[in-house]
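One structure is given here, and the rest of the page talks about it.
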Amino acid sequence: MRFVADVMLGKLARWLRILGYDVAYDPNADDEQLVQQAVNEKRILLTKDRHLVERWRKKLRLNGYLLLSSDDWREQLKQTVTHFGLDIHDRRLTRCPNCNGVLEEVPKEAVRYRVPFFVFTQHEHFAQCSQCGKIYWAGSHYERMNAALDELLKDELPRNENANDVDNSRV
């Protein structure tokens with residue numbers, strides 16, 4: 001599932017990326033650009049702008065849209081996860097929260113001089129963004145981010161322990 005978020009939804013875009021979803025976001029895009037991107041790239045539009053939806057409803061129906069009701073990014077994330085039945089566990093931290101690039105595992109030696117010495121000595125696994133080149137590792141920020149997501153989304157969707165029980169009717 002691929003999304004495009006309107007200019008009011010930067011934090012939502014970031015947190016959906018942390019959950020592993022492909023979310024295009026340009027804080028300078030106007031309504032027409034957003035709709036064209038949604039149509040051309042077959043993305044679902046996420047917006048709070050009721051007028052945008054009313055004006056472009058016919059085009060937006062092609063791939064879908066979600067008109068969000070809250071101003072709070074946490075509630076927006078909950079609404080998006082619930083509405084689309086998003087997997088909130090298995091795709092985490094596979095995309096760069098800054099630029100939406102795919103994170104790719106890199107050998108430890110490849111990041112020796114690109115991360116702090118302490119980080120290099122304490123961690124074995126590293127990932128690099130395929131677009132911006134930023135290096136990631138599972139430090140304390142990773143644990144805090146996962147804990148925050150688990151707490152925030154604890155009531156949204158339970159983790160499915162049996163892959164054979166997946167309900168694909170919403171996809």
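The values are calculated or read from the model by the stated rules, or taken from the named source; none is laboratory data. The model shown is predicted, which means the values in this text are computed figures rather than measured ones. Heads up, the Cβs are rebuilt from the backbone with ideal geometry, glycines too, and the neighbour counts pull from every protein chain shown.
Suppose the filter is more than 19 Å from the chain's Cα centre (by Cα) and at pLDDT 95 or above; does residue 105 pass it? No.
Any idea which of 17, 114 is under 20 Å from the mean Cα position of the chain (by Cα) and either under 21 Å from residue 138 (Cα atoms) or modelled with pLDDT under 95 (or both)? Step through it out loud before you land on a result.
Values: 114 fails: under 20 Å from the mean Cα position of the chain (by Cα).
Matching residue, one of 17, 114: 17.
For the stretch 24-41, indicate whether the set of residues that are touching a strand residue (DSSP E or B) at 6+ places or on another chain (Cβ under 9 Å), among the charged types (D, E, K, R) and touching a residue at least 40 places away in the same chain (Cβ under 8 Å) is non-empty. Checked against the condition, which is being touching a strand residue (DSSP E or B) at 6+ places or on another chain (Cβ under 9 Å), among the charged types (D, E, K, R) and touching a residue at least 40 places away in the same chain (Cβ under 8 Å), the stretch 24-41 yields no hits at all. Within the stretch 78-85, identify whether any single residue is at pLDDT below 95 and over 19 Å from residue 155 (Cα atoms), and answer yes or no. Looking for residues that are at pLDDT below 95 and over 19 Å from residue 155 (Cα atoms), one finds none in the stretch 78-85, hence no. Across the stretch 89-127, the number of residues qualifying as touching a residue at least 12 places away in the same chain (Cβ under 8 Å), surrounded by fewer than 13 Cβ atoms within 10 Å (Cβ to Cβ) and charged (D, E, K, R) comes to 4. In the stretch 34-52, the residue that is nearest to the chain's Cα centre (by Cα) out of those that are among the aliphatic types (A, V, I, L, M) and over 14 Å from residue 7 (Cα atoms) is 44. Here the stretch 128-155 is the region considered, the condition is being of a type in the set (A, V, I, L, M, F, W, C) and out of contact with any Cys (no Cβ under 9 Å at 6 or more places or on another chain), and the residue that is surrounded by the fewest Cβ atoms within 10 Å (Cβ to Cβ) is 147.
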